[in-house]
Amino acid sequence: MLKRQETQSKDARTDLVFTFEQDKEIILVELIKTVLKLPDYKQILRYYLSLRDKHSYPWKISGYLIGYPNPKELVYDKRSFKWLKLLYLEKDIPIQIRICEKCRKAYSNFLYECKFCFKRR
Ligand SMILES: [Zn+2]
């Protein structure tokens, strides 16, 4: 059973929690529409730690922190490597997409060829 919770706050932050009861798995998603900063990391870490208190083994909790890369600020600390994955907008998750003329799949507008069928534009 998949439960989806969404809260939207005034700082344009969307937090998603996916709970897979059967697989005993929880996936946190923190989507930031700007560059990632330390408070964003601390936010998802807080969620993670509070869930960790309520769901012990065999529950598996992982998280995705999504936003634009911030070269100046390190958002990771050592505790995060096992459960947290950073995904960057445009690099990992295309925002501006283009539909391939040949295979009709969507790919990043920054690429010069379709990443699925390699048709050049
Ligand atoms: Zn294609």
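Starting with the highest mean, order 45-58, 28-41 by the number of other Cβ atoms within 10 Å, averaged over the residues of each peptide.
Numbers: 45-58: 12.1, 28-41: 17.7.
Peptide ranking by packing, descending: 28-41, 45-58.
By DSSP, the beta bridges lying fully in region 22-114 are antiparallel in about 20 percent of cases.
Read-outs: derived from the displayed coordinates by stated rules, not from any lab. In this text, all values refer to a predicted model and were calculated from it rather than measured experimentally. When we count neighbours, we look across all protein chains shown, and the Cβ atoms used for this are built from the backbone with ideal geometry, even at glycine.
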